1. If a residue counts only when it is surrounded by fewer than 17 Cβ atoms within 10 Å (Cβ to Cβ) and charged (D, E, K, R), which helices (runs of 4 or more DSSP H) contained entirely in the range B:299-404 have at least 2 such residues?
2. Which numbered condition in (1) within 16 Å of ligand 2 (Cβ to nearest atom); (2) assigned to a helix (DSSP H, G or I); (3) surrounded by fewer than 23 Cβ atoms within 10 Å (Cβ to Cβ) is the only one that residue A:93 fails?
3. Give me the residue from the range A:100-158 that is within 13 Å of another protein chain (Cβ to nearest Cβ) and among the basic types (Lys, Arg) and, out of that set, nearest to the chain's Cα centre (by Cα).
4. Looking only at the range A:174-198, count every residue that is within 16 Å of ligand 1 (Cβ to nearest atom) and at pLDDT 95 or above and tell me the total.
5. Please give the number of the condition residue A:57 fails out of (1) more than 16 Å from ligand 2 (Cβ to nearest atom); (2) part of a loop (DSSP other than H, G, I, E, B); (3) within 14 Å of chain B (Cβ to nearest Cβ).
6. In the range A:199-216, how many are within 16 Å of ligand 1 (Cβ to nearest atom) and either touching a helix residue (DSSP H, G or I) at 6+ places or on another chain (Cβ under 6 Å) or open to solvent by 10 Å² or more (accessible area, probe 1.4 Å) (or both)?
7. Identify, from the list A:82, A:50, the residue that is part of a helix (DSSP H, G or I), within 13 Å of another protein chain (Cβ to nearest Cβ) and open to solvent by less than 30 Å² (accessible area, probe 1.4 Å).
8. For the range A:148-159, how many residues are away from ligand 1 (no atom under 16 Å from the Cβ) and in contact (Cβ under 8 Å) with a residue 60 or more places away in the chain?
Amino acid sequence: MHPVLDVQRVKKIYGQGETEVQALRGVSLTVERGDYVAIMGSSGSGKSTLMNILGCLDIPTTGKYLLDGVDVSRLNDRQLALVRNRRIGFVFQAFNLIARTSALANVELPLAYAGVKGAERRRRANLALSMVGLADRAGHEPNQLSGGQQQRVAVARALVTAPALVLADEPTGNLDTQSTNDVLAVFDRLSASGRTIVLITHEPDVAERAKRLIRLVDGHIVQDERLK
Amino acid sequence: MNLFETIRFALRAITANKLRSSLTVLGILIGVAAVILLVAVGNGSAQAVQKQIESLGTNTLTVTAGGGGGARGAASTTSTALNMTLIPALSDKDEAPHVRSASPVVTGSQSATYEGTDHTIAQFVGTYPGYVAASNFKLAKGSLFTDEDVTDSRKVMVIGKTVAEELFGTVDPLSKQVNVAGKLFTVIGVLADKGGTGFTDPNDVAMAPVSAVQESLTGYGSLNQILIEATAPGDVTEAQNEVTAILNAKLNITGSSTTAYRIQNASQLLETRANTAETFTLLLGAVAGISLLVGGIGITNIMMVTVTERTREIGIRKALGAPKRTILTQFLVEATVLSLIGGLLGVAAAVIGSRFTIVSIQPVIVPSSVFLALGFSVAIGLFFGSYPASRAAGLRPIEALRYE
Ligand SMILES: Nc1ncnc2c1ncn2[C@@H]1O[C@H](COP(=O)(O)OP(=O)(O)OP(=O)(O)O)[C@@H](O)[C@H]1O
Ligand SMILES: [Mg+2]
């Protein structure tokens, strides 16, 4: 059995010459199916960079990344689109909701690209929104929502396709304790049902809910410990 | 995701971004409407000149005395002045079978007075009754003077619309006596309005028997011109040859070319005008091209300005699993819909606009300009609507999301 995620000596270098930044300096990591991993590290340590590569949204400068045993760099546009749509639920640090489009339509979007028909799509999107406590905000557009509400819409959008792999970049960064607990409860349930979760956080009590904790410093993994 | 869904996505994006959509539509609308309307104005003015040529009559010839009379030695031994003695010969059906009528013309401006009202008649014409029809005038009321009036030198006249309005206002001019340069002429008819867009008013005219005019106003000198009416528009050349032969014989001209007199037909007279109209159309075409360009730049602008926002949107869509082709289709449909709406509204605006006269010209739409303007604007809209999208769709999602 392949590990779900298999990162081999990945480096990511931004820019060149004077402005060159080594965001990842040779990261190796495997994550097994059903694991629940929290990544911590100071700001600028390369957490989001790593997450974007895991989500097939960016490519490493050097090194290899296998998703379910498949080298992602060999996939074409169509196959990548399928992977992003069916396998991965991605929560952006910056939410990235589509402007002037209702919360419901935003959440429906991945289902639409998956070819789910209108009525079924709406039903599942509404369900995902109520899971994050936003059933009453379905018709609101992003600029009519608070930061925390936007974040929860982004979480709902990542979960609506019931993906086997959830990648969440600080999904609770803008939330109060109550909303944080709601979202984490959803993650706990997903984990219990066998999904693989990788989540970035700055908060120790969020990290405590995970089964495994990884610390990044300056593009290196400095700590990798199993909590449960 | 199927095509139908993609189209629905595109329509939703259009309605969600009303300002952006309406600016795009407006840019295309203005470009299309301006081109169609400007070309229509040029075409309208060309057609006006065409009508003017037709209203002057395409089967008439004008004989005028040449400037170089008597200067060519043996070529002109007698007076080159046109005079009444030429008229019977020109009207001879055997010698000139293609001439329907030959009318002498003495003309000049004359001041006229009726009960204290003054008006200077721009063209006071002494002629034969045939002149009226030959110069494309029609009688509105009253009657025309007759050959008998000519023989008896009766001082009667028919007046143009402008003269009637200036001298009589609302009074019925028929049977009224008008003082023309000291002589009393009786109005027996009023001419119908003769349209014309020239600088001179064709209705500021009065016509009287040539004998009466010569007797009382101009004296029995030379004629200003002789108006020849050919039997049909196609006979103008034959008529011109016959008239030339008769005049050469009568005026004792032997050379092959002469400056003693000139014969012009109506279309020659208006050739210059037609040329002017053509230049005008060309100019308007250039202006139309520029407005198309400006409209195009407007469209390009609004499309480009939204690229940043749209590139981020494309990044999000790709991250959520949209393949490149689906994104391209969506943006292409958006651009098509906006361009077509803008283009068709532009055509509608031009059609409505062409119902009004613009700088006293009635625009006439040229169908090919509609297709050209529509095609060009839609092409620009399509290109600049889909080109940035295709570029963005080729980026990795993260690159697209970071685009600024
Ligand atoms: N597109 C880019 N161009 C140049 N440098 C970049 C780019 N993206 C990130 N970096 C740099 O890479 C490093 C890692 O960035 P990254 O976003 O992964 O940090 P992070 O750990 O997610 O931080 P935070 O906790 O603040 O989100 C930073 O020093 C950042 O300046
Ligand atoms: Mg980050």
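The values are calculated or read from the model by the stated rules, or taken from the named source; none is laboratory data. From a predicted model like this one, the values you see are computed outputs, not experimental measurements. Ideal geometry is used to build each Cβ from the backbone, glycine not excepted, and the neighbour counts take in all protein chains shown. The protein model used for the area step is the full one, side chains on, heavy atoms only, and it has no ligands, DNA or RNA in it. Shrake-Rupley method; radii C 1.70, N 1.55, O 1.52, S 1.80 Å.
1. On the way: elements: B:307-319, B:324-353, B:367-393, B:397-402.
Answer list for the range B:299-404: B:397-402.
2. The failed condition is (2).
3. A:157
4. 1
5. Status for residue A:57: all satisfied but (1).
6. At the first step, the residues of the range A:199-216 found to be within 16 Å of ligand 1 (Cβ to nearest atom) are A:199-204, A:206-207, A:213-216.
Subset that is either touching a helix residue (DSSP H, G or I) at 6+ places or on another chain (Cβ under 6 Å) or open to solvent by 10 Å² or more (accessible area, probe 1.4 Å) (or both): A:200-204, A:213, A:215-216.
Qualifying residue count for the region: 8.
7. Details: A:82 fails: open to solvent by less than 30 Å² (accessible area, probe 1.4 Å).
From the options A:82, A:50, the qualifying one is A:50.
8. Step one: list which residues in the range A:148-159 are away from ligand 1 (no atom under 16 Å from the Cβ), which gives A:148-150, A:152-153, A:155-159.
Then keep just the ones that are in contact (Cβ under 8 Å) with a residue 60 or more places away in the chain; that gives A:155, A:157-159.
Residues flagged as away from ligand 1 (no atom under 16 Å from the Cβ) and in contact (Cβ under 8 Å) with a residue 60 or more places away in the chain within the range A:148-159 amount to 4.
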